[in-house]
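J.: To start, I am sharing the structure in question, which I have written as structure tokens.
The values are calculated or read from the model by the stated rules, or taken from the named source; none is laboratory data. Just so you know, these numbers come straight off a predicted model, no measurement behind them. Methodologically, a virtual Cβ is constructed for each residue, glycine included, from the backbone with ideal geometry; neighbour enumeration extends over all protein chains shown. Just so you know, the surface numbers come from the protein's heavy atoms only, side chains and all, with ligands and any DNA or RNA stripped out. Shrake-Rupley method; radii C 1.70, N 1.55, O 1.52, S 1.80 Å.
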Amino acid sequence: MQAVGTDPDAVRYLINSHLHFDHTGGNALLPNARLVVQRREWEAGQRDDEIQRNFFFPGDYRTGQDVLQVDGEHDLFGDGRVVCIPTHGHTPGHQSLRLRLDDGNVVLTGDACYLRRTLDELRLPNLAADPEQMLASLQRLRALRDAGARIFYGHDPDFWATVPQAPREIVLR
Ligand SMILES: [Zn+2]
């Protein structure tokens with residue numbers, strides 16, 4: 001972030017899709033940000049049985065920031081540009097992020113959709129807290145894709161090879 005001129009201490013919001021280590025391991029690096037997470041995910045992250053079942057590491061997300069727990073869809077700034085959308089299933093309260101950029105919509109799916117193929121074939125991975133909910137979430141993401149949103153598949157190396165890396169800007173068309 002410093003390399004592209006952004007001071008980590010000045011970041012105001014940190015949105016976690018879910019509490020797995022590879023999505024929260026950097027939380028401590030943004031000490032002044034308000035953490036935005038689905039309430040049901042945050043609550044699962046405080047319960048010993050859910051921590052074990054979901055392989056959470058509380059040290060990654062209990063890092064002292066103020067926590068904004070949201071329920072379902074949440075328009076962060078009230079202008080439709082940054083909207084948390086519930087995509088539960090991979091974990092109890094996984095969320096995705098819909099961004100309205102000047103040239104179109106982007107959806108950051110985190111682990112709700114690892115690969116393009118996951119969405120094309122509606123094929124679930126072996127690891128899902130609630131497979132039925134995860135399938136419903138994939139169907140929601142598919143509807144967003146059908147409506148023209150560009151989907152960012154969380155862990156698809158072929159997809160990520162096509163995405164410009166910072167400081168280059170993402171241009172949709
Ligand atoms: Zn995950």
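J.: Considering only residues that are among the charged types (D, E, K, R) and more than 13 Å from the ligand (Cβ to nearest atom), look in the stretch 16-52 and name the one that is nearest to Val82 (Cα to Cα).
T.: Top of the filtered list is Arg34.
J.: Check Glu73 against each of (1) under 24 Å from Ile151 (Cα atoms); (2) away from the ligand (no atom under 13 Å from the Cβ); (3) open to solvent by less than 70 Å² (accessible area, probe 1.4 Å) and name the one condition it does not meet.
T.: Checking Glu73 against (1) under 24 Å from Ile151 (Cα atoms); (2) away from the ligand (no atom under 13 Å from the Cβ); (3) open to solvent by less than 70 Å² (accessible area, probe 1.4 Å), the one that fails is (3).
J.: Among all residue pairs at least 6 apart or on different chains, which show Cβ distances below 6 Å where the first residue, located in the stretch 3-17, is open to solvent by 30 Å² or more (accessible area, probe 1.4 Å) and the second is modelled with pLDDT under 95?
T.: Pairs that qualify, where the first residue is open to solvent by 30 Å² or more (accessible area, probe 1.4 Å) and the partner is modelled with pLDDT under 95, are Val4/Ala166; Val4/Pro167.
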